[in-house]
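A.B. asks: Sharing a structure with you now.
The values are calculated or read from the model by the stated rules, or taken from the named source; none is laboratory data. Note that the structure is predicted; figures quoted are calculated from it, not measured. Using ideal geometry, Cβ is built from the backbone for each residue, glycine included, and neighbour counts are taken over all protein chains shown. Note: accessible area is taken over every heavy atom of the protein model, side chains too, but ligands, DNA and RNA are not part of it. Shrake-Rupley method; radii C 1.70, N 1.55, O 1.52, S 1.80 Å.
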Amino acid sequence: MSDLSVTEAAQRLRVSPRRVRALLADGRLPGRQIAGRWLLSSRDVERRQQAAPPPGRPLSPASAWHILAVLSRADDALRDLAPPARSRARARAAELRQCRPADLASRWQSALGSRARTRDFYAHPSTLNALLADPDVLRSGISAAGDHGADLMVTGSAEGYIRSLDLPQLQARFALSPDAGAHANLRLHLTQSDEGGWAFRRAAAPAAVVAADLIERETPRDRAAGVKLAARL
């Protein structure tokens with residue numbers, strides 16, 4: 001796996017370097033800084049190419065969570081929505097349920113990729129279980145696949161959601177090291193305080209959220225498990 005500069009990544013993605021830096025800043029494109037210079041793995045850039053969103057305005061984080069609520073049958077999360085917004089969420093969820101298997105991964109990433117910012121860290125392996133049990137963390141992705149019968153078992157790594165405002169305390173509590181590159185063993189999805197609150201009331205993220213996380217992971221095995229889980233919803 002080779003590293004790319006911002007300029008090289010921009011050329012592959014056919015966007016401006018400014019756009020690449022914006023994607024890095026909000027966590028939608030993984031990268032790490034060395035001596036003040038951003039480096040991106042060619043694999044992550046390739047994944048971004050394959051999951052390029054369709055033309056048009058991207059969905060807001062709130063809209064992505066509304067779709068996930070429909071897919072998760074979390075009716076309470078939609079109760080206070082205006083009828084037009086509720087209808088849009090249901091229509092978009094129906095489209096995801098009906099898409100062809102060959103298109104499922106790219107369609108899910110395009111529709112739901114805005115739900116959270118993603119950051120990778122290194123955590124000492126002895127702390128991972130305690131971190132996942134922390135009340136501020138919602139287990140998801142590879143750490144919740146087994147809760148939904150996904151054919152996937154991953155050891156030595158963890159994944160979950162936290163509120164963005166809780167990150168500094170969590171990072172200090174568990175001595176999380178950012179910019180870990182290939183040594184990263186913890187993926188955190190960061191949400192704002194008003195996004196996806198219904199999901200945080202559970203011990204593990206619902207199947208739709210877990211599927212979306214798995215589909216966005218790097219390894220074919222993880223992505224395949226996510227596609228299978230999504231197809232069952």
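A.B. asks: Mind counting the residues in region 68-99 that are among the acidic types (Asp, Glu) and touching a residue at least 60 places away in the same chain (Cβ under 8 Å)? Write out each step before concluding.
C.D. replies: Restricting attention to region 68-99, the residues satisfying the condition of being among the acidic types (Asp, Glu) are 75-76, 80, 95.
When the remaining residues are screened for being touching a residue at least 60 places away in the same chain (Cβ under 8 Å), the result is 76.
Selection size over region 68-99: 1.
A.B. asks: If you check Ala158, Ala175, Ala205, which single one turns out to be at positive phi and either modelled with pLDDT of 95 or more or touching a Gly at 6+ places or on another chain (Cβ under 8 Å) (or both)?
C.D. replies: After applying the criteria, what remains is Ala175.
A.B. asks: Those residues that are part of a helix (DSSP H, G or I), at pLDDT below 85, open to solvent by 60 Å² or more (accessible area, probe 1.4 Å) and not charged (D, E, K, R), I need them from region 1-40; list them, please.
C.D. replies: Those that are part of a helix (DSSP H, G or I), at pLDDT below 85, open to solvent by 60 Å² or more (accessible area, probe 1.4 Å) and not charged (D, E, K, R): Gln11, Ala25.
A.B. asks: Among (1) touching an Asp or Glu at 6+ places or on another chain (Cβ under 7 Å); (2) within 26 Å of Arg232 (Cα to Cα); (3) open to solvent by 40 Å² or more (accessible area, probe 1.4 Å), there is one condition Asp136 misses while meeting the rest; what is its number?
C.D. replies: Result: Asp136 fails condition (2) only.
A.B. asks: Can you spot a residue in region 181-190 that is in contact (Cβ under 8 Å) with a residue 40 or more places away in the chain, more than 21 Å from Gly226 (Cα to Cα) and out of contact with any Lys or Arg (no Cβ under 7 Å at 6 or more places or on another chain)?
C.D. replies: First, pick out the residues of region 181-190 that are in contact (Cβ under 8 Å) with a residue 40 or more places away in the chain: 181-190.
Checking the rest, the ones that are also more than 21 Å from Gly226 (Cα to Cα) come to 181-183.
When the remaining residues are screened for being out of contact with any Lys or Arg (no Cβ under 7 Å at 6 or more places or on another chain), the result is 182-183.
Yes, that holds for at least one residue.
A.B. asks: State whether the residues of region 93-112 include one that is in contact with a His (Cβ under 7 Å, 6 or more places away or on another chain) and either open to solvent by less than 20 Å² (accessible area, probe 1.4 Å) or more than 11 Å from Ala64 (Cα to Cα) (or both). Walk me through how you get there before you give the answer.
C.D. replies: Here is the first cut: in region 93-112, the residues in contact with a His (Cβ under 7 Å, 6 or more places away or on another chain) are none.
No, the conditions are met nowhere in region 93-112.
A.B. asks: I need a count of the residues in region 164-186 that are touching a Phe, Trp or Tyr at 6+ places or on another chain (Cβ under 8 Å) and either part of a loop (DSSP other than H, G, I, E, B) or crowded, with 18+ Cβ neighbours inside 10 Å (or both). Show your work before the answer.
C.D. replies: Filtering region 164-186 down to residues touching a Phe, Trp or Tyr at 6+ places or on another chain (Cβ under 8 Å) leaves 171, 176-178, 180, 183-186.
Pick out the ones that are also either part of a loop (DSSP other than H, G, I, E, B) or crowded, with 18+ Cβ neighbours inside 10 Å (or both) and you get 176, 180, 184-186.
Counting residues in region 164-186 that are touching a Phe, Trp or Tyr at 6+ places or on another chain (Cβ under 8 Å) and either part of a loop (DSSP other than H, G, I, E, B) or crowded, with 18+ Cβ neighbours inside 10 Å (or both) gives 5.
A.B. asks: Does Phe121 satisfy being open to solvent by 20 Å² or more (accessible area, probe 1.4 Å) and more than 18 Å from Ala211 (Cα to Cα)?
C.D. replies: Details: open to solvent by 20 Å² or more (accessible area, probe 1.4 Å): no; more than 18 Å from Ala211 (Cα to Cα): yes.
No, not satisfied.
A.B. asks: Using the structure shown, decide if Arg43 is touching a helix residue (DSSP H, G or I) at 6+ places or on another chain (Cβ under 9 Å), open to solvent by 90 Å² or more (accessible area, probe 1.4 Å) and farther than 27 Å from Arg232 by Cβ.
C.D. replies: On the way: touching a helix residue (DSSP H, G or I) at 6+ places or on another chain (Cβ under 9 Å): no; open to solvent by 90 Å² or more (accessible area, probe 1.4 Å): yes; farther than 27 Å from Arg232 by Cβ: yes.
The answer is no for Arg43.
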